[in-house]
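Below you'll find the structure, written out as structure tokens, and then a few comments.
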């Protein structure tokens, strides 16, 4: 979780280092930010006291979502942090959501992993309606290229297999893949613009989508992995249960002793519905260049 505050609306982030605050579970990993003049604080979503004391003096928050594939606990932790932030005086929250559902204004998804994000988006909307002085911006970030193992049964180009077993046959609506680094750069630019001129941000009380500009089907994505690994790779469609039972899959979706690998298979249903195939031009506008497409 990280956030910033600005003392004056005219301060750009680059010239107001002391107004930038980072919060993390492991603050020791933010030594570079500290040496640049940012304030570093420690907090953990699962430590109520640390959350309650984290937002003092902050008026604008970039809230990174709780990291897990679980639903109800994630939603509850997000609400707790948001309530604590508002009580501490936070006036605007940028929420780091996920790019399922298609267009950013869509409020439904069949993907299990999207459900806590939809809960949180709805909660922010409700709070904004009840509190005229509070605003929010939902930043839906599309699937990033570095996360391809999640959608390819954890294919490893260094130890490749010839067959990827997933509950999808490969063609059809694809994914507007985007680099994680460019997602970070684009989000930072959005925050910078708000720091300079909060009243001028057109994305208040709205959801935006940051995605790649090119859509690749799962088959096209696997073909690229095959070229990287220098082996022919094909997709074999299997049932949700067969996907979840693979030995390399289950360990990656166990949270607090609960196996969510079968629920993760709902992401393939989302792909079939075209939920990740919406390519937005916003990231390119924020970057000042076209996002990388491979």
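Residue count for the stretch 108-122 under the criterion of being crowded, with 21+ Cβ neighbours inside 10 Å and not in a helix (DSSP H, G or I): the result is 2. Selection of the stretch 21-54 for residues being more than 23 Å from residue 256 (Cα to Cα) and within 21 Å of the chain's Cα centre (by Cα) yields 21, 22, 23, 27, 29, 30.
The C-beta contact set for the stretch 22-48 (first residue assigned by TED's automatic domain parsing to the domain that holds residue 60 and over 22 Å from residue 67 (Cα atoms), second residue in a helix (DSSP H, G or I) and at pLDDT below 90, distance under 7 angstrom, 6+ apart or interchain) comprises 36/17; 37/17; 37/18; 38/17. Any residue that is within 18 Å of residue 96 (Cα to Cα), in contact with a helix residue (DSSP H, G or I) (Cβ under 7 Å, 6 or more places away or on another chain), modelled with pLDDT of 95 or more and not in a helix (DSSP H, G or I) - is there at least one of those in the stretch 226-234? Among the residues of the stretch 226-234, not one is within 18 Å of residue 96 (Cα to Cα), in contact with a helix residue (DSSP H, G or I) (Cβ under 7 Å, 6 or more places away or on another chain), modelled with pLDDT of 95 or more and not in a helix (DSSP H, G or I), which makes the answer no. Looking only at residues in the stretch 184-202 that are in contact with a helix residue (DSSP H, G or I) (Cβ under 7 Å, 6 or more places away or on another chain) and surrounded by fewer than 19 Cβ atoms within 10 Å (Cβ to Cβ), which one is nearest to residue 291 (Cα to Cα)? Filtering the stretch 184-202 for residues that are in contact with a helix residue (DSSP H, G or I) (Cβ under 7 Å, 6 or more places away or on another chain) and surrounded by fewer than 19 Cβ atoms within 10 Å (Cβ to Cβ), the one nearest to residue 291 (Cα to Cα) comes out as 185.
Working carefully through the options 105, 125, find the one that is part of a helix (DSSP H, G or I) and in contact (Cβ under 8 Å) with a residue 24 or more places away in the chain.
Values: 105 fails: part of a helix (DSSP H, G or I).
Criteria check complete, one pass: 125.
Considering (1) in the same structural domain as residue 157 (by TED's automatic domain parsing); (2) outside any helix (DSSP H, G or I); (3) surrounded by fewer than 19 Cβ atoms within 10 Å (Cβ to Cβ); (4) in contact (Cβ under 8 Å) with a residue 12 or more places away in the chain, the lone condition that residue 242 does not fulfil carries the number (2).
Take residue 136 and tell me if it is within 17 Å of residue 201 (Cβ to Cβ), at pLDDT 95 or above and over 15 Å from the mean Cα position of the chain (by Cα). Explain how you work it out, then say what you get.
Working: within 17 Å of residue 201 (Cβ to Cβ): yes; at pLDDT 95 or above: yes; over 15 Å from the mean Cα position of the chain (by Cα): yes.
So residue 136 fits the description; yes.
Condition test on residue 92, is it touching a residue at least 12 places away in the same chain (Cβ under 8 Å) and within 17 Å of the chain's Cα centre (by Cα)? Explain how you work it out, then say what you get.
Details: touching a residue at least 12 places away in the same chain (Cβ under 8 Å): yes; within 17 Å of the chain's Cα centre (by Cα): no.
Here the answer is no, as residue 92 does not meet what is asked.
In the stretch 134-150, the qualifying residues are those that are touching a helix residue (DSSP H, G or I) at 6+ places or on another chain (Cβ under 7 Å) and buried (at least 16 other Cβ atoms within 10 Å of the Cβ), and the one that is nearest to residue 263 (Cα to Cα) is 148.
The set of residues from the stretch 119-133 being within 17 Å of residue 74 (Cα to Cα) and touching a helix residue (DSSP H, G or I) at 6+ places or on another chain (Cβ under 9 Å) comprises 119, 120, 123, 124.
Take the stretch 49-72 and flag every residue that is free of Cβ contacts under 8 Å to residues at least 60 places away in the same chain and not in a loop (DSSP other than H, G, I, E, B). First the steps, then the outcome.
Quick first cut of the stretch 49-72, residues free of Cβ contacts under 8 Å to residues at least 60 places away in the same chain only: 49-59, 61, 65-67, 71-72.
Scanning the stretch 49-72 gives 49, 50, 51, 52, 61, 72.
The values are calculated or read from the model by the stated rules, or taken from the named source; none is laboratory data. Just so it is clear, the structure is predicted and the values come from calculations on it, not from any experiment. Please note: Cβ atoms are built from the backbone with ideal geometry, for glycine as well, and neighbour counts cover all protein chains shown.
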